[in-house]
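Encoded as C-alpha cells, the structure appears first; notes follow it.
None of the figures in this text is laboratory data; all of them are computed from the coordinates on show. Since the model is a prediction, treat every value here as computed from it, not as a measurement. Quick reminder, even Gly has a Cβ in these numbers, built from the backbone with ideal geometry, and neighbours come from all protein chains shown.
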C-alpha cells in the first residue's frame, strides 16, 4: 500500500515537471516568433574631431631697434628702460651746437635772398634791370631754401625720437658716449597687441582659413585659455615638414604678456568621417563592440570599432553606411535575424 502511494507521488511529480518544461518550451518557441519592440533612428555620420597643438611665439605688432643716423656725442638720454613713450618723444639727443648754428646761418641767408629777389622784382617791372639778373636772384633764393632744409635735417638727425607709441627696452647708452650709425640705442615695442606666430599641419588649412578665432594657452599659466584672432595664413605649405605658417593677433591692452613668450596653440580639425551612435546603442561582446541595425524588419548585428567618445555620442566604424537604420533602444537580448517592430513606440510618440 505504501509502495503504491510512493509510486503515485513520483508519477505526479514527473507530470508536473514535464508540464513546466512544456510550458517553458512553448513560450520560448512562440516568443521567438513574436516581433521584438525596439526604437530605431537613422544612422548619422560626422567627422572625428582631432585636437592639434602647436607652439607659438609672441611678437610685438611693431618692434624696432633704434639707431642714430649720424656719429656724435650723446648729450641727453631722456628715458628709462620699461618706460612707455609716445610717438615723437626725443629719447636721445646728440651734440647739435654746430647744426643749430648752421640752421641760423641758413635762415639769415634765405631772408637776405628773399629780400634781394623782391627788390630786383620791383626793378624788373620798371625795366631797370635785365631779366637774367632777376633769374639769378630767384635761383639764389631757391638755393637758400634748400640750404635751410638741409641744415634743419642735419639738426634733426641729432635727436632720436620714438616713431610710434611703445615701451622702450634696456640701453647701454650714457651721456658722454660717442655713438655712430652702428650703435644700437634701445628697442621700442608696441605691445598693445601681440602677434603669435606658429606652424600648423597642412590638415588645419581649412580651419585656419574659415575659423576667425583660435585658443591660446600661455606656458606660464596652462589653465588660462585666451581667445585670439587669426590674422594671417601663409600662401604656401612647407614641403619638408608639411606645415604652414600662421599668425594670430592677441589683445594685450592689459600688458600682461611680453614679446618672446611662448604659447600653446589649440586647433580642432576634422579627421575621418564615422558613424555617430548614442552611447546606449553600443554593446560589448566576446568579440568586442557591436551595434544592432534594422534590416528588412529583422535585427542585424554589426561589429564596430570605437574611434572617439563625445558627449553622449560615440564615433564608430564597421560595415555601416548612410541610410542604415540604427536600433537605439530595446537592444537587450536581441538575436541575429530576430523580427523587430517599432509600431508601439511610434504610436506612443504620436500620442
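Given R₀ = 45 Å, what would the calculated FRET efficiency be for residue 319 paired with residue 62, taking r from the Cβ atoms and rounding to 0.05?
On the way: r = 58 Å, r/R0 = 1.30.
It comes to 0.15.
First measure r as the distance between the Cβ atoms of residue 221 and residue 184, then evaluate 1/(1 + (r/R0)^6) with R0 = 25 Å and state the FRET efficiency to the nearest 0.05.
Calculated transfer efficiency: 0.20.
Work out how much length residue 134 to residue 104 would gain on full extension: take 0.36 nm times their residue separation and subtract the Cα-Cα distance, in nm to one decimal.
My answer for the length gained is 8.2 nm.
If each Cα of region 139-285 is one equal point scatterer, what is log10 of I(q)/I(0) from the Debye formula at q = 0.17 Å⁻¹?
Computed log10 I(q)/I(0) values: -1.04.
Assuming 0.890 mPa s and 25 °C, estimate D for region 236-297 with Stokes-Einstein, Rh taken as the Kirkwood radius over Cα pairs, in µm²/s.
The estimated diffusion coefficient comes to 136 µm²/s.
What distance in nm separates the simple spin-label points at residue 262 and residue 229, each placed 7 Å from Cα in the Cβ direction?
According to this spin-label approximation, the distance is 2.8 nm.
Based on the mean of other beta carbon atoms within 10 Å per residue, what is the order of 240-250, 313-323, 184-194, most packed first?
Peptide ranking by packing, descending: 184-194, 240-250, 313-323.
Return the tail of the calculated pair distribution for region 115-199, meaning the percent of Cα-Cα pairs more than 23 Å apart. Before the final figure, lay out each step's value.
Working: 2086 of 3570 pairs.
Cα-Cα pairs in region 115-199 separated by more than 23 Å: 58 percent.
Find the all-direction average of the projected area of the Cα convex hull for region 225-351, expressing the result in square nanometres with one decimal place.
Working: hull surface 60.3 nm².
The number I arrive at for region 225-351 is 15.1 nm².
Mind pulling the per residue volume of the convex hull built on the Cα atoms of region 221-266? Å³ is fine.
Taking the convex hull of the Cα positions in region 221-266, it is 105 Å³ per residue.
Say a paramagnetic label sat at a point 7 Å from the Cα of residue 203, along Cα to Cβ; which residues of region 232-272 have their backbone N under 12 Å from it?
Only 268-272 fall inside the zone, counting backbone N under 12 Å.
Quote to one decimal, in nm, the extra length available between residue 311 and residue 213 on full extension: 0.36 nm per residue of separation minus the C-alpha distance between them.
Here the answer is 33.0 nm.
What residues of region 142-161 lie in the reach of a label at residue 95, counting those whose backbone N is under 16 Å from a point 7 Å from the Cα along Cα→Cβ?
155, 158-159
How large is log10 of I(q)/I(0) for region 65-165 at q = 0.10, 0.12, 0.14, 0.24 Å⁻¹ when the intensity is taken from the Debye formula with one equal scatterer per alpha-carbon?
Listed by q, the Debye log ratios stand at -0.45, -0.57, -0.66, -1.14.
I need the Debye-formula profile for the chain: one equal scatterer per C-alpha, no solvent, reported as log10 I(q)/I(0) at q = 0.08, 0.10, 0.13, 0.16 1/Å, two decimals.
Results for the chain at q = 0.08, 0.10, 0.13, 0.16 Å⁻¹ read -0.75, -0.90, -1.08, -1.25.
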